[in-house]
Amino acid sequence: MELTGRTVLVTGAGRGLGRAISVAAARAGATVVGGSRTTEDLDRLGAEITAEGGVFHGKRLDVTDLASIEEFVAAARRRFGRIDGLVNNTGAGVSVASLDIDAEQFASTFDFNTRSMFFCSQAAGRSMLEHGGAIVNISSNFAVAGVGVRSVYCAAKAAVDSLTRSLAVEWAPHGIRVNAVAPGTMNTPGYERARRNAPEMVKSVITATPSGRVAEPEEVAALVVFLLTDACAAMTGQIMAVDGGQSVPLAVLSVPKNRPVPEPAGF
């Protein structure tokens, strides 16, 4: 997978999946510009990528602040001359019963997951109009599921899928491709906390996963980087799940019962 000579922006780059995407893109030859509200994470990531011979520039980014988005994109263009790729990686949601969700929680979930992706895409897309480019949105398999106490998050991620398809159609004549990757449960720090604090919930997730394990961030990052390359030049408007088969309709009916929970494989 080749990204040499290309500048790729990654939001939420400091931890978890964003970190894995940044490392994978740099190893493929890209100049990576990573954004995060936590600059200490970016400093550590930059040191790791630089030690491997890659190029990384970290900049503080608050995706809920439109001025911060504009400056993040503008600074990348000033420094590196062009923008070839964008990975919209930020996303989170509250676990609250639908009857108890308040207006602030509803708005913040859509701001962080959907509004942010639109305006990051808009800012980067304006730069890509000159030469084309590729955008990858990080959605979730929750976008196609009904999940109790996660109704607003599910709706926000479903909106990401719809946004992905609409931008793909609108921007295809300009050579801008827009796709999405929809991970399921991944071996991130959040998953490790869940294994300690809610082992029964983790067991239920594994039981409902045909592959019998969670994905590693590096496995998801590999697909993201692939979508940024010219190998996918004819692919746009697609949403691809990386969830061990969780989102396959009726998959839960065929998985073994009382399956043991494996240790994450790690990379």
Here the Kirkwood hydrodynamic radius of segment 140-183, Cα-based and in Å, equals 11.1 Å
What spacing in nm lies between the two simple spin-label points modelled at residue 192 and residue 122, each 7 Å away from Cα in the Cβ direction? 3.8 nm
Given a 10 angstrom Cα cut-off, can you work out which residue in 117, 235, 128 is the most mobile in a GNM of the chain? 235
If you take the square roots of the eigenvalues of the alpha-carbon gyration tensor of segment 35-81 and sort them as a ≥ b ≥ c, do you get rounded (a/c under 1.5), prolate (a/b over b/c) or oblate? oblate
How large is the accessible surface of residue 140 in square angstrom, using a 1.4 angstrom probe and rounding to the nearest 10? 10 Å²
How are the C-alpha pair distances of segment 195-240 spread across 10 Å bins, as whole percents from the shortest bin up? 21, 34, 26, 16, 2
For the chain, with every protein chain kept in place, what is the accessible area per residue (1.4 Å probe, Å²)? 46 Å²
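Suppose the chain between residue 67 and residue 172 were pulled fully straight at 0.36 nm per residue; how much longer would it get relative to their current alpha carbon spacing? Please report the intermediate quantities before stating the final value.
Details: separation 105, 0.36 × 105 = 37.80 nm, distance 2.67 nm.
Result for the pair: 35.1 nm of gain on full extension.
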Choice from 82, 196, 19 showing the highest fluctuation, given a GNM over the chain with Cα pairs closer than 10 Å: 196
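Rounded to whole Å and sorted largest first, what semi-axes of the equivalent ellipsoid does the C-alpha gyration tensor of the chain yield via the square root of 5 times each eigenvalue? Write down the numbers at each step before the final one.
Details: eigenvalues 176, 84, 69 Å².
Equivalent ellipsoid of the chain: 30, 21, 19 Å, largest first.
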May I ask which residue of 167, 199, 145 lies farthest towards the positive end of the charge dipole of segment 135-212, with charges of +1 (Lys, Arg) and -1 (Asp, Glu) on Cβ and the Cα centre as origin? 199
Would you work out if segment 96-224 is rounded, prolate or oblate? Take a ≥ b ≥ c from the square roots of the eigenvalues of the alpha-carbon gyration tensor; rounded if a/c is under 1.5, else prolate when a/b is larger than b/c, oblate otherwise. oblate
Need the full-extension length gain, residue 235 to residue 99, defined as separation in residues times 0.36 nm minus the C-alpha distance. One decimal, nm. 45.0 nm
If you roll a 1.4 Å probe over the chain with all protein chains in place, what percent of the accessible area is carbon or sulfur? 55 percent
Sort out for me the Cα centre separation of segment 1-77 from segment 160-214, rounded to whole Å. 20 Å
Relative to the compact-globule scaling 2.2 N^0.38 Å, provide the ratio for the alpha-carbon radius of gyration of segment 113-166. 1.29
Can you send over the solvent-accessible area of residue 62, 1.4 Å probe, protein chains only, in Å² to the nearest 10? 30 Å²
Candidates 33, 202, 23: whichever shows maximal mean-square fluctuation once the chain is modelled as a Gaussian network with Cα springs under 10 Å: 202
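The values are calculated or read from the model by the stated rules, or taken from the named source; none is laboratory data. Since the structure is predicted, the reported quantities are computational estimates derived from the model, not experimental observations. Note: ideal-geometry Cβ built from the backbone for every residue, glycine included; neighbour counts use all protein chains shown. With ligands, DNA and RNA removed, areas are computed over all heavy atoms of the protein, side chains included. Shrake-Rupley method; radii C 1.70, N 1.55, O 1.52, S 1.80 Å.
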